[in-house]
Amino acid sequence: MVLLTVVVCISYAGASVSKNGWLDYDAEGKPVPLFNKTSWPNTIGIAVYAFEGIGVILPIQDITEDKENYFYVVCITCAIITAIYLFFAEFCLYAWYYNFSETKPLITSYLPPNIFTDLVKLAFAS
């Protein structure tokens, strides 16, 4: 379900970028801020949620067969997950920044209304 939603969001964001170009300004013509001074503490909760499974790393290392390469595999996995999160966030930001508002915080609210995107939203609701 999550993978399907990521693919749908990236697809519609790509269509928006190809149609409208990079939307790196808001409705008032101000550019995308490099650092959000008002709501940056929200990223702490997102970071904790994104890596909530980190607490199982040591117990899994104890039972793994190849303990010497375990740290390398964990570092590569965390780097790949971080790169995917950053790509998804930045790509969707520049695809829909002009439309962002405080009243619609969910990325799925920027998807165009059709039956396919409604099914994706319904999958998250159930």
Does A89 satisfy the criteria of being in contact with a helix residue (DSSP H, G or I) (Cβ under 7 Å, 6 or more places away or on another chain) and part of a helix (DSSP H, G or I)? no
It is to be established whether one or more residues within segment 44-57 are in contact with a Leu (Cβ under 8 Å, 6 or more places away or on another chain), surrounded by 11 or more Cβ atoms within 10 Å (Cβ to Cβ) and closer than 27 Å to V7 by Cα. no
Looking at F88, F100, F71, F51 in this structure, which one is modelled with pLDDT of 85 or more and within 20 Å of the chain's Cα centre (by Cα)? F88
Out of the residues in segment 28-43 that are surrounded by 10 or more Cβ atoms within 10 Å (Cβ to Cβ) and among the β-branched types (V, I, T), state the one that is nearest to Y98 (Cα to Cα). V32
Identify all residues within segment 68-97 that are exposed (fewer than 15 other Cβ atoms within 10 Å of the Cβ), under 26 Å from S39 (Cβ atoms) and among the hydroxyl-bearing types (S, T, Y); write none if there are none. T82, Y85
Looking at the structure I just gave you, is V74 in contact with a helix residue (DSSP H, G or I) (Cβ under 7 Å, 6 or more places away or on another chain) and assigned to a helix (DSSP H, G or I)? yes
For segment 1-47, give me the residue count where each residue is in a loop (DSSP other than H, G, I, E, B) and among the aliphatic types (A, V, I, L, M). 5
Take the residues in segment 103-119 that are modelled with pLDDT of 85 or more and of a type in the set (V, I, T), then tell me which one is nearest to Y12 (Cα to Cα). T117
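What's the total number of residues in segment 1-18 that are over 20 Å from P105 (Cβ atoms) and either touching a strand residue (DSSP E or B) at 6+ places or on another chain (Cβ under 9 Å) or surrounded by fewer than 11 Cβ atoms within 10 Å (Cβ to Cβ) (or both)?
The total comes to 2.
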Name every residue in segment 98-121 that is loosely packed, with under 10 Cβ neighbours inside 10 Å and among the aliphatic types (A, V, I, L, M), in order of residue number. L106, I115
Being of a type outside the set (V, I, T), in contact with a strand residue (DSSP E or B) (Cβ under 7 Å, 6 or more places away or on another chain) and in contact (Cβ under 8 Å) with a residue 60 or more places away in the chain, is that true of even one residue in segment 19-39? yes
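The values are calculated or read from the model by the stated rules, or taken from the named source; none is laboratory data. For clarity, every value in this text was computed on a predicted model and none was experimentally measured. All Cβ positions, even for glycine, are placed from backbone atoms using ideal geometry, and neighbour counts span all protein chains on display.
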